[in-house]
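Structure record follows, encoded as structure tokens.
FYI, it's all coordinate maths here, none of it is from the lab. If you're wondering where the values come from, they're calculated on a predicted model, not measured in any experiment. Backbone-built Cβ (ideal geometry, glycine too); neighbour counts: all protein chains shown.
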Amino acid sequence: MKRSDINRIIREGEAFMRSHGYVLPPFSRMSPVEMTERRQEIANITGAGLGWDITDFGLGDFEKTGLFLFTTRNGRIEDLKQGRGMLYAEKAMISRKDQLTPMHKHVFKTEDIINRGGGTLVLELFGDTDGICDRDKGTTVACDGILRTIAPGEKLSLVPGESVTLVPGDWHGFWAEGGDVFVAEVSTVNDDNTDNYFENPAVSRFSGIEEDEAPVHLLVSDYGPWLR
Ligand SMILES: [Fe+2]
């Protein structure tokens, strides 16, 4: 992705969230220079992978296949192993109208995907057979506490206020219909470097970046190259 497009998407996304009455945490406003100067002080923020995350899933067409994410909190893998402590994570996301987040699953993370406002969020769900997305197999998911059996290929539509709980092995892809959707994710500890398995091997979690202008904010995937 071009850095100029990422900068524009960040500005548009922040305005969209504010229009829904949601304000991102203070570290969202730090410039790359400020992050560099306060590198030691913000080690917990960068270490947990909190912050901006704009991706085209490596396919080069953000409007068609992409997602806007901001990780607001994230726990510790060590705590998860011990079964107590900060076991949770939270993200604010924007799924644009007709913009696909491609079919994937998680092995460790359980996540609630919540429609906080805007259009309708549509999920396509499949079961797992021997680690592979099984397009002949459905699944059963909890939607705001009510169990729903999903046939293979059946679409699950979430209107504002509705959510679904996805457990490890639930294959899921999603997009917005009727308008952009402000999406929240509440989950167990999140490791985006290791815990995303895509059905299409050409898909990657993060984008390559073409530096055609200076970044307004660093992405989570920039922390390594820019701050180390
Ligand atoms: Fe997911």
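What do you reckon, is Ala142 more than 14 Å from Ser95 (Cβ to Cβ) and not in a loop (DSSP other than H, G, I, E, B)?
Numbers: more than 14 Å from Ser95 (Cβ to Cβ): yes; not in a loop (DSSP other than H, G, I, E, B): yes.
Criteria met by Ala142.
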Revision key, fill the gap. Those residues of segment 110-135 which are surrounded by fewer than 18 Cβ atoms within 10 Å (Cβ to Cβ), closer than 18 Å to Thr194 by Cα and within 13 Å of the ligand (Cβ to nearest atom) amount to Thr110
Exercise for review: Looking only at segment 59-81, decide whether some residue is surrounded by 19 or more Cβ atoms within 10 Å (Cβ to Cβ), part of a loop (DSSP other than H, G, I, E, B) and either free of Cβ contacts under 8 Å to residues at least 24 places away in the same chain or of a type in the set (Phe, Trp, Tyr) (or both).
Suggested key: yes
Review point. Among the residues of segment 4-57 satisfying the criterion of being assigned to a helix (DSSP H, G or I) and small (Gly, Ala, Ser), which is surrounded by the most Cβ atoms within 10 Å (Cβ to Cβ)?
Key: Gly13
Check your understanding: In segment 143-177, what residues are loosely packed, with under 14 Cβ neighbours inside 10 Å and in contact (Cβ under 8 Å) with a residue 40 or more places away in the chain?
Key -> Val159, Gly161
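Is one or more of the residues making up segment 100-109 surrounded by 14 or more Cβ atoms within 10 Å (Cβ to Cβ), basic (Lys, Arg), closer than 24 Å to Arg205 by Cβ and touching a residue at least 40 places away in the same chain (Cβ under 8 Å)?
Yes, segment 100-109 contains a residue that is surrounded by 14 or more Cβ atoms within 10 Å (Cβ to Cβ), basic (Lys, Arg), closer than 24 Å to Arg205 by Cβ and touching a residue at least 40 places away in the same chain (Cβ under 8 Å).
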Study note, to complete from the structure: Checked segment 192-215 for anything in contact with a strand residue (DSSP E or B) (Cβ under 9 Å, 6 or more places away or on another chain), in a loop (DSSP other than H, G, I, E, B) and surrounded by fewer than 16 Cβ atoms within 10 Å (Cβ to Cβ); matches are Glu199, Asn200, Ser204, Glu211, Asp212, Glu213
